[in-house]
Each structure stands twice: as structure tokens, then as C-alpha cells.
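Colleague: Sharing a structure below in C-alpha cells format, with a few things to ask.
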Amino acid sequence: MKLDDDSASILKVKNILDDQQLDANLVCITAKFGIISKSITQLEKRGLKLVDSINIVNRMIDDMNIIDTHSKSIKSVVEKLKKVIEKNKGFNTLRIISNILNDTEENIDELGDLNASEMVYFKYAPITSMDVERSFSQYKNLLTNKRRSLLFENIKEMLIIQCNSNLGKVNI
């Protein structure tokens, strides 16, 4: 039974690859949605200010809003993106903090328990998980099986060195 499923899948892929419109469809997708991959690449940069990160997302949303949505599938992608961002309360909170840091908004009431002195710490707050993933990779490389005899003090100093080595890459 599995062989038949595989054969059907392979047949479908061959039919898709033989489609004369495939190249045109891929060009259309790249032209209309290339901004998404470009924005993701920009957001992966280390040490990006919150204001800059929010601006990248806002530009992407603006670019998506001007896409010609005559196609039903393209329209559904644009609408889905809007809904995801609208429902993300954390992103909306970061957007408000970014506006306050950028001196374009003064309404702190919507932020709940967060006070003005705490908002300063959001200046370099990442809006993606890339920095977290990088730190896990660094810790994994530091805590390999070959380094089981390291003293806690040495591990602490190595982590400080790794963290401080990234400070020179951040533009303050």
C-alpha cells in the first residue's frame, strides 16, 4: 500500500514539474512574497534595535498591503499575515514600546505593569528567537562531553567572554 502512495506522490510531482506555468508561477510568488524572506533575513541580524526590528516588520506589512490581490490564493496569504500579526499581543506590546523609545508615542497605559524605567531594557529586545537559538548553540559547544572536568568558575568566565565578544558587534 505504501508503494502505491509513493507512486501517486511521485506522479503528482512529475505532473507539477511538467506544468508549463510552473516557472511563471514561481516568478509571481517570488515577486509578490520575496519581501517576506528578505524581512526575515534582516531580522536575523545580531544586535538589532527594537525600533529597527519593528520598522522592518511594518515595512513588510506595508509592502504586503500594496500587493495586487486579484488572485484568491495571494489574497488569502496577505489576509493570514495580517491576522497573525493583529492577534499577536506580544508583538503589539513591543510595537508600543518601540514607539515610546522612538518618541512617537506617549501612551504607557496600555502596557499594564511595565513602567518607564523598565522600557529602557527593551532597546535591543529581539522579536525573533534567533538570539536564543544562537545562545543554545554556544552553550552546547561550551558544555561538550570533552569538557566535563571544567570547574564552575571556569565555565562562568568562558560564558562571560562569549557574551562580551558579541558586545563589539552591537551598535549603541
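Colleague: Taking 2.2 N^0.38 Å as the expected size of a compact globular protein, what ratio does the Cα radius of gyration of segment 4-146 give against it, to two decimals?
Modeller: 1.44
Colleague: Excluding ligands and nucleic acids, what accessible area in Å² is computed for Ile155 using a 1.4 Å probe, to the nearest 10?
Modeller: Here the residue's solvent-accessible area equals roughly 30 Å².
Colleague: Just from the alpha-carbon atoms, what are the Rg and Dmax of segment 2-63 in angstroms?
Modeller: My reading of the Cα-based Rg and Dmax gives 18.6, 53 Å.
Colleague: While we're looking at this one, here's another question. If you rank Lys156, Lys32 by how much accessible surface each has, with a 1.4 Å probe, what is the order from largest down?
Modeller: Sorted descending by solvent-accessible area, the residues read Lys156, Lys32.
Colleague: Report, to the nearest whole %, how much of the accessible area of segment 31-121 belongs to carbon and sulfur atoms, 1.4 Å probe, protein only.
Modeller: Taking all protein chains in place, segment 31-121 shows 51 percent carbon and sulfur surface.
Colleague: Here's something else I'd like to know. Under a point spin-label approximation (7 Å from Cα along Cα-to-Cβ), what is the Lys123-Asn15 distance to one decimal in nm?
Modeller: With each label placed 7 Å out from Cα toward Cβ, I get 5.9 nm.
Colleague: Among the lysines in segment 41-108, how many pairs, 8 or more places apart or on different chains, have alpha carbons under 26 Å apart?
Modeller: Within segment 41-108, the lysine pair count is 17.
The values are calculated or read from the model by the stated rules, or taken from the named source; none is laboratory data. All values derive from a computational prediction rather than experimental measurement. Cβ: placed from backbone, ideal geometry, glycine included. Neighbour counts: every protein chain shown. These accessible areas exclude ligands, DNA and RNA; they are computed on the full protein's heavy atoms, side chains included. Shrake-Rupley method; radii C 1.70, N 1.55, O 1.52, S 1.80 Å.
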